[in-house]
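The values are calculated or read from the model by the stated rules, or taken from the named source; none is laboratory data. Everything quoted here is computed from the prediction, not taken from an experiment. Cβ placement follows ideal geometry from the backbone for every residue including glycine, while neighbour counts extend to all protein chains displayed.
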Amino acid sequence: MDIYCITSKTKLMKKLFLVSIAMLLLKLTGAAQTDTEFWFAAPEVMQHTGTNLDRPILLRITTYSAPATVTITIPAASSTLGTLLIPANAFQSFDLTAWIGTLECTPANTILNNGLKITSTAPVSVYYDVVSGGTSGNKNNPEAFALKGKNALGTSFRIPSQNTFDNISSYLPQARNSFDIVATENSTQVTITPSNNIVGHSAGIPFTVNLNAGQTYSASATTHLAAGHLNGSLVTANKPVAITVKDDGLYVDNYCVDLAGDQILPVSKTGTEYAAIKGLLTVDSNELLFITATQNATQIFKDGTLIATINAGQTFRTSIGAAQNATYIQTSQPAYIWQVSGSGCEVGATQLPQINCTGSQNVSYLRVSDQSLQANILIRSGHEGNFLLNGSPTAITSTMFSSVPGTGGAWVFARVNLPITTYPVNSVINLVNTSGLFHLSFIDRNNGGAGYAYFSDYGAVDAVATAGNNPYCPGENINLFANTVPGGTYNWNGPAGFSSTLQNPVIPGATAINAGWYTLEVSNGECTDIDSIYIYMRECEPQDSCIITARYCIDVDDPMTYYFDASGYSPGGNYFWDFGDGNTLSSPTGNVDHTYTSPGFYTVTIIYNTPNGMECVKRFQICFEKSSDKEAGDDNPVKDSKELGELYPNPAHTEILIPVLNSDLQAMNIDAEVIGTDGKSQLKITGLPVTNGKISIPIHHLNDGVYIVKVRLNGVMHQKKFVKTTR
C-alpha cells in the first residue's frame with residue numbers, strides 16, 4: 001500500500017481464489033493444491049486509525065470434479081463455524097470476520113484455542129484471504145494464504161523469511177515478522193529454537209510448548225527491524241503441525257507497505273531444485289531470493305555456478321539478476337527459498353515450490369485488478385505447446401516460452417501479460433496443460449497494491465502401500481491401499497501373477513499362494529515412486545477363527561462363581577454358552593457369569609454366530625474339586641477336616657504360612673497352586689514339605705493384589721484367600 005494516501009486510495013483487494021469453472025474444466029485430476037483436510041493458524045494483522053487493515057477475512061473454497069460438503073471448525077474450542085454444500089466445479093466464499101477476535105494468533109507467547117480446521121468430503125482448494133479495508137473500499141493491506149493440506153504438515157521446519165526490509169513501526173498492533181503454529185493431534189510437544197529474540201524468549205535458546213489438537217502458539221519478533229526477523233528458526237514436534245509465516249507491513253521503501261506471508265512446508269517437503277521467475281517490481285528490479293539451509297555444508301548453485309555454502313539455519317540472499325527474467329537454483333541439501341516479488345513497489349512473498357515431481361495440470365484464478373495481471377508459468381520442455389487458456393489453444397503458445405538459465409533447456413518459463421480487454425475484472429483465468437505438470441503464479445497489480453502467490457501443487461509423488469488386517473487368514477479378502485497422488489496412475493504387482501491398475505485393489509478368498517511382496521508403482525506423468533508391502537498368511541483354526549479371546553475369572557468371595565469373557569471376531573453377533581453342568585445361556589454380549597453348585601471338571605462351550613451367519617466354536621475346561629467349608633479369612637480352623645489352620649500373615653509380603661494341624665499328615669508332601677483373580681495360575685509347587693508343622697509358599701514375585709491359594713492335602717482341595725502387599 002502507498003503510505004501517504006492510506007485513507008483515500010482505491011486499491012482493489014487481491015483475492016487469490018478459484019471460482020466456478022464448470023464449463024472450462026477438463027477431466028484432469030492434477031488440480032491445483034487440493035486436499036480433504038486443512039489446518040491453519042491465522043496470523044495477527046496490524047490495524048490503523050480510520051482503516052481496517054486486518055478485515056474482512058474469508059475462506060475461498062473451490063471444488064473440482066465432485067461436489068463437496070465442507071465443514072469449518074475451531075476444534076480446540078469445540079466450535080463449528082459452518083457447513084457448506086458446494087456443487088462440483090464451483091467456488092464459494094465463507095466470511096470469517098465475525099470470529100476474527102477468536103481466530104487471530106494473539107497475544108504472542110500464549111497457547112490459544114483458535115486453530116482453524118477445514119474438512120471436505122471431496123478434494124477442494126482453500127485460501128485464507130485477508131481482504132482488508134472493511135467496507136471503505138480502501139483495500140490497503142490484503143494477502144491470501146494458500147492452504148496446502150497434507151503438504152503443510154510435518155514435524156521439522158526451518159522458518160523461511162526475508163531479512164532485508166523492515167516492518168512499518170507506526171501502526172497498532174505493531175507489524176511484525178512471526179510464525180504461528182497449530183497442532184493437529186493431542187499431546188503435541190513443540191520445541192522452538194528462535195534465530196532472533198521473540199516475545200518471551202531469547203535467541204538460540206530452545207524451549208517447548210505442549211499443544212492439543214487445534215491449539216496454536218505464535219512466535220513473534222520483538223523488533224520491526226529486518227535484522228531481527230526469524231528466518232532460520234528451528235521448529236520440531238513429536239506429532240504433525242502446520243505453520244504460517246507472516247511479514248506484516250513490509251516496508252520496501254518510503255512509499256509502499258504491504259502484508260506478505262504463506263503457509264510453509266516442512267523440511268521433508270523441501271527440495272534441491274528450484275526455478276524463480278521475475279515479477280514486475282521496480283523498487284528491486286533484480287527481485288530477491290532468500291535461501292535457508294536445512295543441513296550443514298549446503299552448497300548453493302545459481303544457473304550452474306556455485307555462489308555460497310551455508311549451514312543449517314543460515315540464510316543466503318541472492319537475486320534473479322537484472323539481465324534475466326528467471327534463474328535456476330540448486331542446493332546440495334534440501335533448502336527453503338523465499339521469493340519477494342510483486343509489481344512496482346508493492347510486494348508479496350511466498351515459499352517457492354521445489355520443481356522436481358511437483359505441479360498441477362489444472363489451475364484457476366479470478367482476476368480482481370483493473371491494471372496489469374501477469375501469469376508466470378514453469379514447465380518441463382516438451383509440454384509448452386499443450387496449454388489451454390480458458391479452453392483456447394492459441395492464447396498461450398510454445399513461442400512465448402524461454403529456457404530457464406542453467407537447466408540446459410530441460411525447463412522453460414513464460415511471463416504472460418493478460419490484458420484487461422480480454423480478461424476483465426472478475427473473469428476466470430483457467431489454465432490447463434493436457435500432457436504435463438506445471439507451476440503457476442500470478443502477479444496481480446492495481447493502483448495501490450499487488451498480489452503474488454503460487455497456486456499449483458507443492459506435493460511430490462510419494463508412493464505409500466498399506467494393507468488392512470495384515471496378516472490374513474485363509475479365505476479372507478486382502479485389501480491393498482495406495483495413498484492418493486494428484487493426477488496419479490497406479491500399478492500393483494504381486495505373487496501368483498497378481499497385477500492391478502486400481503488404486504485400492506482387493507484379492508478375494510486369499511490362500512497361501514497370495515503371501516509375499518506386493519509392489520506399488522505410482523506415477524503422475526512426470527515422476528514415479530515405488531513402495532512395497534509384505535502380505536503374511538497365518539493358520540487360523542476354523543472353529544476358533546472368529547473368537548479373539550476367551551477367558552474366565554474367579555470370584556474371590558465365592559470361588560464357585562466364574563466370570564467369563566469372550567470377544568467375537570466380527571462384532572455384533574450373538575453368543576450361546578454351555579457351561580458344562582446342564583445350564584446354557586444365550587447372550588448378545590461376551591461377558592457373563594455362572595455359579596457352579598458342586599465341584600468337578602466342566603467343559604465350557606462358546607458358540608458365536610457372526611452378523612453374516614458364520615458359526616464359530618470355542619471350548620475349554622475348568623476344574624475345581626471338593627472345597628473345604630473354611631473360607632479364607634475366617635478366624636477359626638477348618639472344622640470339618642481339622643487338617644489345615646489359618647493362613648498367615650495376611651496381608652503378606654514375601655511368603656505365606658499355613659499350619660498342618662493333623663500330625664498324621666505332616667510327613668506327607670503337599671501340592672499348592674496360587675491363582676490370580678483373573679483365573680490365571682501364578683505359581684505351582686509340588687511336593688511341599690511340612691516344616692515345623694506348617695508349609696511355606698513364596699509370594700515375593702507376585703504383584704500387589706488379591707490371590708487364592710489351593711492346597712491339596714489327603715485328597716481334599718482347600719482354598720484360602722490372601723492379600724499380597726509391598727512393604
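Of the residues T394, T407, the single one that is farther than 30 Å from V252 by Cα and either among the basic types (K, R) or loosely packed, with under 15 Cβ neighbours inside 10 Å (or both) is T394. What is the one condition in (1) over 24 Å from I277 (Cβ atoms); (2) buried (at least 23 other Cβ atoms within 10 Å of the Cβ) that F438 does not satisfy? Failed condition: (1). Scanning segment 638-684 for residues being at pLDDT below 70, under 11 Å from L713 (Cα atoms) and either of a type in the set (S, T, N, Q) or not assigned by TED's automatic domain parsing to the domain that holds H700 (or both) gives a total of 2. On the basis of being assigned by TED's automatic domain parsing to the domain that holds L418 and not basic (K, R), does A276 make the cut? When the stated conditions are applied, A276 passes them. Only one of the listed residues (L250, L265, L259) is buried (at least 18 other Cβ atoms within 10 Å of the Cβ) and assigned to a loop (DSSP other than H, G, I, E, B). That residue is L265. Within segment 363-394, being among the hydrophobic types (A, V, I, L, M, F, W, C) and without any contact (Cβ under 8 Å) to a residue 12 or more places away in the chain holds for no residue. In segment 702-727, what residues are surrounded by fewer than 17 Cβ atoms within 10 Å (Cβ to Cβ) and touching a helix residue (DSSP H, G or I) at 6+ places or on another chain (Cβ under 8 Å)? Result: N714, single match. Does N426 meet the test of being in contact with a strand residue (DSSP E or B) (Cβ under 7 Å, 6 or more places away or on another chain), on the phi > 0 side of the Ramachandran plot and either charged (D, E, K, R) or assigned to a loop (DSSP other than H, G, I, E, B) (or both)? Yes; evaluated as a whole, the condition is true for this residue. Scanning segment 685-707 for residues that are closer than 16 Å to P649 by Cβ and either aliphatic (A, V, I, L, M) or modelled with pLDDT under 80 (or both) gives I695, I697, I699, L702, V706.
Look at S125 and say whether it is hydroxyl-bearing (S, T, Y), closer than 25 Å to S268 by Cβ and modelled with pLDDT of 95 or more. Considered against the rule, which asks whether it is hydroxyl-bearing (S, T, Y), closer than 25 Å to S268 by Cβ and modelled with pLDDT of 95 or more, S125 comes out as no.
Kindly check whether there is at least one residue in segment 318-328 that is in the same structural domain as F413 (by TED's automatic domain parsing) and free of Cβ contacts under 8 Å to residues at least 12 places away in the same chain. For segment 318-328, residues in the same structural domain as F413 (by TED's automatic domain parsing) and free of Cβ contacts under 8 Å to residues at least 12 places away in the same chain: present.
Right, R367: surrounded by fewer than 21 Cβ atoms within 10 Å (Cβ to Cβ), of a type outside the set (V, I, T) and either in contact with an Asp or Glu (Cβ under 8 Å, 6 or more places away or on another chain) or under 17 Å from E526 (Cβ atoms) (or both) or not? Yes: the conditions hold for R367. Every test in (1) farther than 24 Å from F165 by Cα; (2) surrounded by 24 or more Cβ atoms within 10 Å (Cβ to Cβ) is passed by T208 save one, and that test is (2).
Conditions tested, residue by residue: (1) within 29 Å of V706 (Cβ to Cβ); (2) hydrophobic (A, V, I, L, M, F, W, C); (3) modelled with pLDDT under 80.
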{"site": "D557", "(1), (2), (3)": "yes, no, yes"}
{"site": "Y563", "(1), (2), (3)": "yes, no, yes"}
{"site": "G572", "(1), (2), (3)": "no, no, yes"}
{"site": "F579", "(1), (2), (3)": "yes, yes, no"}
{"site": "S586", "(1), (2), (3)": "no, no, no"}
{"site": "Y602", "(1), (2), (3)": "yes, no, yes"}
{"site": "N612", "(1), (2), (3)": "no, no, yes"}
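Give the residue that is surrounded by the most Cβ atoms within 10 Å (Cβ to Cβ), with candidates limited to residues of segment 333-364 that are among the β-branched types (V, I, T) and in contact with a Ser or Thr (Cβ under 9 Å, 6 or more places away or on another chain). Residue satisfying both the conditions and the ranking: V347. Among the numbered criteria (1) closer than 14 Å to N362 by Cα; (2) surrounded by fewer than 20 Cβ atoms within 10 Å (Cβ to Cβ); (3) touching a helix residue (DSSP H, G or I) at 6+ places or on another chain (Cβ under 8 Å), which one does Y458 miss? It is condition (2) that Y458 fails.
Specify which of the listed residues (A496, A453, A465, A482) is surrounded by 16 or more Cβ atoms within 10 Å (Cβ to Cβ) and over 30 Å from N386 (Cα atoms). When all the criteria are applied, what remains is A465.
Residues are listed down the side, and each one gets a yes or a no for (1) in a loop (DSSP other than H, G, I, E, B); (2) touching a His at 6+ places or on another chain (Cβ under 6 Å); (3) surrounded by fewer than 17 Cβ atoms within 10 Å (Cβ to Cβ); (4) of a type in the set (F, W, Y):
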| site | (1), (2), (3), (4) |
| --- | --- |
| L58 | no, no, no, no |
| T62 | no, no, no, no |
| S65 | yes, no, yes, no |
| V70 | no, no, no, no |
| T80 | no, no, yes, no |
| L84 | no, no, no, no |
| A88 | yes, no, yes, no |
| Q92 | no, no, no, no |
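Inclusion of A297 among residues that are small (G, A, S), at pLDDT 95 or above and surrounded by 21 or more Cβ atoms within 10 Å (Cβ to Cβ) is not warranted.
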